Each structure stands twice: as structure tokens, then as C-alpha cells.
Amino acid sequence: MGSSLARAGREGGGRPRVRAHPVLGVTDRPMGEGLPTHPVHRHTPSLDIIAAPMPPVSTSSSRIIYDALKACGVRLISALPETWLVHLIRMADEDPEMTLVRLAKEEEGVGISAGAHLAGVKSAMLMQNHGLLAAVNGIVSCAQLYRIPLLMLISHRGSFGERDPWQTEGGGVTEDLLHALRIAYQHLEDPLHVAHRIAEAQTLAYSSNKPVALLLCRDLMWEP
Amino acid sequence: MTRLEALRAVYDKLADRVVVTIMGAVAAELQSLGHRPNFFYLQHAMGLASSMGLGIALSRPELSVIVLDGDGSVLMNLGGLTTLARYRPKNLLHIVFDNESLLSVGGFPTATSTGSDIAGIARAAGVPRTAAVQSIDEFSRTFDEALAARELTTVVAKVEAVGPSGYVTDLALLENRFQFQRYLKSAARTA
């Protein structure tokens, strides 16, 4: 079933090239284009508030995570791009055995994974913690109401070391939210425990018929 | 046309297909015609019936999947139309019953009552086949053509804002869910 599944899941049309980000390497949208400029108090903000260069997202850790998902039998991944997930999404896109579903909003991924599960296909969701916030109603009133095992890999933005001001609110509520939703979770911080923890998370998801979460942490996702 | 009339017109054609419905009147009315193990009723999570249908259709390309959606639910997940269009599974038929209202919570008018055009939105999102129909004859014919076309189709059926007197039936949510999963598993063995 694997190969026909993957073929069925390929996108119908072409897609635009992503642009190189001056710091992060790859981003999904042009930066700073089309912004209105004020005629009087014009100010060009500096990009050099934090001078130290950022390390790149870890290809090797991404590979370990991806291989662990494959080893668990995951054959469908839904995802919304974010910087920490670029390699994982690329690996899924390049793998003929994997169906990658690129979402408009993370909540869709809950429905897609629920459908895949009932249809006998193991899946995983890749999202940022703000994507978790956007998916809450689907998690509660689809996955939890209908007892769907849901394997969620969530990049844990906004914790210590975060440089993007816009990520800092979500980081502070992510674990509280998981507790409130009674979703079992663990952190992925060290390449050595990634495969084991992903396999155990999936095992619990299936034995309990419930969502589980793995928080992808900075120490794992960035090159040292 | 009422939604119940439209459902009755195509009911026999749902027999060997995978059917996912939204909550409320669609679920209750389809059950009133006769529940089958290949019918799943997503009784909450408005907007995600089409996403569930996409997940099933991509996972099981050998099965014919029909989603019975509504205007209120589609409007809660308009981005989902772009995802449907992006992967455009040939085995998915997306029916939207548009009664221009949120009937099950008191009949408040939706944006389709003031001109928003779901078939037009689906077409602009990239769904390869779309149609908007007003009558039972048109609906039945469009339904058959869509199944024969073997291409992702969104059919918007304008229906009256009338429904059943209640929405809770004696089919428990989890009973429906596990029965539906077993149906899909057995469908694999016969395929």
C-alpha cells in the first residue's frame, strides 16, 4: 500500500521556490517586502540587536527524528512549515514512501490524521507550539472525543534561548496547555533518546487511543 | 429542495462507499434513512469532516470517499479547501449542503446568506470540478457525474433551512467510530 499511498498524496500543481533567509538559511515567505513606510517618522530598524550568528537547524538530529518516525511505521505526515522543521519536512517530501500533507492550518492535520488512523495508516503531525494552540478544538472535539491516537511533534519555540520576540508568549503556555488537555508528553533534547521516546510515545498513543506529544527542544534542533 | 430529499435521492449510492458527515441535521437525517457501518458522523470539530475525508482518501486510494459537509462547517475551515485542492484525491466527492444558516444552534444566518459563494471559493481554491445545484434532479445528476468523473469535486447543494426535531440518536459516538474503523479494515481484505 505504501507506494500507491505516496503517489496519491503528491501535490497536483507546482509550487514556488522558497527564498534564502539571510540568517536562518531557508524561509517560507519574502521578508520585509510590501511593508508600508511612514512618510514622516521613517525608521529603518536594525537587524543587529543580537550580534552573535545563529547556528543552523540540525540536519543530523532531523534525520534521527525522521528515521525514528519511519521505523515506527509512520507513512503520512501533515505539517505546517516553521524554521526548526525545514529538514524534517524536506525529508518527508523527498521520501517516496511518505505522504506529506502541507496544511493551511494545523487543526486540519487532526482531521487528516484521524481519517488516516481509521483507514489503517499510521501518521504524525509536525507543528510549532503555536500550531498546537491553533489546533486545540480539533484535538478536543475530534481526537479526544473519538479516541484517536495522535502523534504530535511540536517544536518548542519561545523557551530559553529564543531570539524571536514573537515566539515568546507561546513558549510559556505550551506545557500548561498540554497539562490542561491531559495530553501525555516528553521533551526531545538529546539525539540519544529520540528513537526510544518516539517509539514509546506512539505505543502509548495506540494503547490509550489518545493524543500524545513530543516537544522538540532547542538543544536537539539546533547545531551546537 | 430539502436536505432530507437530497439524501434520500442518493442514499442507495452510498452503500459501498465511505461516507463522512458533519454534525447536526446531516448526521441525524442520514441516520433516519438507515445507518450503515460505512457511515461516520463527526459529531463535533466543525470544519474537520472534509479533512477526515482527505485523510481517508489519501490513505486508501482504492476506496470511494464521500464527505457530506455544510456551509457553517466549510466556513470554519476555508483553508481546508486549499488543502483538498492541493492534493486533489480522485476518490473524494465533497458535498456541501448550504442552507445559509447554522440551523442546529438556532438558525443564525451564515455568510452564504449574504452572497458568499462556496462553489466559487472552492473553484478559486483550485478544486478541479465544482458545481452549485438548486433542485433534486440537478443534485442527483451532478452527484452521478462527479462519481463517474473520478476527479475531486465539490458540489454545493442549496437546501431549505429545515431539519429534524432533535439531533441526539441512540448510536453512541464511539460505537460509530469503532464500527467504522472495522468496516475500513474489512474493506481492505476484500479489495
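The values are calculated or read from the model by the stated rules, or taken from the named source; none is laboratory data. Treat the numbers as computed from the prediction; the structure is a model and nothing was measured. For neighbour counting, all protein chains shown are included, and Cβ atoms are generated from backbone atoms with ideal geometry for every residue, glycine included.
Quick notes on this structure:
- B:Glu5 falls short of the stated requirement of being surrounded by fewer than 17 Cβ atoms within 10 Å (Cβ to Cβ) and either modelled with pLDDT under 95 or part of a loop (DSSP other than H, G, I, E, B) (or both).
- Meets criteria (more than 30 Å from B:Gln179 (Cα to Cα), touching a residue at least 24 places away in the same chain (Cβ under 8 Å), assigned to a helix (DSSP H, G or I) and away from chain B (no Cβ under 14 Å)) for A:His193: no
- A:Thr174 meets the stated requirement of being part of a helix (DSSP H, G or I), of a type in the set (Val, Ile, Thr) and closer than 17 Å to A:Ala135 by Cβ.
- Inside region B:52-78, residues that are among the charged types (D, E, K, R) and either part of a helix (DSSP H, G or I) or farther than 16 Å from A:Gly120 by Cβ (or both) make up a count of 2.
- Unique match (being of a type in the set (Gly, Ala, Ser) and surrounded by fewer than 24 Cβ atoms within 10 Å (Cβ to Cβ)) among B:Ala49, B:Ala15, B:Ala45: B:Ala15
- Looking only at region B:159-190, and only at residues there that are in a loop (DSSP other than H, G, I, E, B) and touching a strand residue (DSSP E or B) at 6+ places or on another chain (Cβ under 6 Å), the one that is surrounded by the fewest Cβ atoms within 10 Å (Cβ to Cβ): B:Ala161
- Per the conditions (1) of a type in the set (Ser, Thr, Tyr); (2) under 24 Å from A:Met98 (Cβ atoms); (3) more than 13 Å from the chain's Cα centre (by Cα), the sole criterion not satisfied by B:Thr2 is (2).
- Considering residues of region A:64-89 that are touching a strand residue (DSSP E or B) at 6+ places or on another chain (Cβ under 9 Å) and of a type in the set (Gly, Ala, Ser) only, the residue farthest from the other protein chains (Cβ to nearest Cβ): A:Ala79
- Taking region B:11-42 as the range and being part of a helix (DSSP H, G or I) and at pLDDT below 95 as the test, only B:Ala25 passes.
- The single condition from (1) part of a helix (DSSP H, G or I); (2) facing chain A (nearest Cβ under 8 Å); (3) not polar (S, T, N, Q) that B:Leu81 fails is (2).
- Contact annotation: residue pairs with Cβ atoms under 9 Å, 6 or more positions apart or on different chains, pairing a residue in region B:42-57 that is facing another protein chain (nearest Cβ under 7 Å) with a partner that is crowded, with 24+ Cβ neighbours inside 10 Å and charged (D, E, K, R), are B:Ala45/A:Glu107; B:Leu48/A:Glu107; B:Leu48/A:Glu108; B:Ser51/A:Glu107; B:Ser51/A:Glu108; B:Gly53/B:Asp69; B:Leu54/A:Glu108.
- From the options B:Asp69, B:Asp98, residue that is within 14 Å of chain A (Cβ to nearest Cβ), crowded, with 24+ Cβ neighbours inside 10 Å and charged (D, E, K, R): B:Asp69
- Residues of region A:205-224 satisfying the condition of being in contact with a strand residue (DSSP E or B) (Cβ under 7 Å, 6 or more places away or on another chain) and surrounded by 17 or more Cβ atoms within 10 Å (Cβ to Cβ): A:Ala205, A:Pro211, A:Val212, A:Ala213, A:Leu214, A:Leu215, A:Leu216, A:Cys217, A:Leu220, A:Met221
- Region A:90-117 - residue that is closer than 25 Å to A:Arg218 by Cβ and surrounded by 21 or more Cβ atoms within 10 Å (Cβ to Cβ) and, of those, farthest from the other protein chains (Cβ to nearest Cβ): A:Ala92
- Only one of B:Ser64, B:Ser116, B:Ser140 that is modelled with pLDDT of 95 or more, within 14 Å of chain A (Cβ to nearest Cβ) and farther than 18 Å from B:Gly24 by Cβ: B:Ser64
- Each residue in region A:120-144 was checked for being more than 10 Å from A:Glu107 (Cβ to Cβ), at the interface with chain B (Cβ under 9 Å from one of its Cβ atoms) and either touching a strand residue (DSSP E or B) at 6+ places or on another chain (Cβ under 7 Å) or crowded, with 24+ Cβ neighbours inside 10 Å (or both), and 3 of them qualify.
- Inside region B:121-158, residues that are among the charged types (D, E, K, R) and either in contact with a Ser or Thr (Cβ under 6 Å, 6 or more places away or on another chain) or in a loop (DSSP other than H, G, I, E, B) (or both) make up a count of 4.
- Selection from region B:26-41 of residues that are buried (at least 24 other Cβ atoms within 10 Å of the Cβ) and away from chain A (no Cβ under 14 Å): B:Val26
- Residue match in region A:140-162 (condition: of a type in the set (Ser, Thr, Tyr), closer than 22 Å to A:Tyr66 by Cβ, part of a strand (DSSP E or B) and at pLDDT 95 or above): yes
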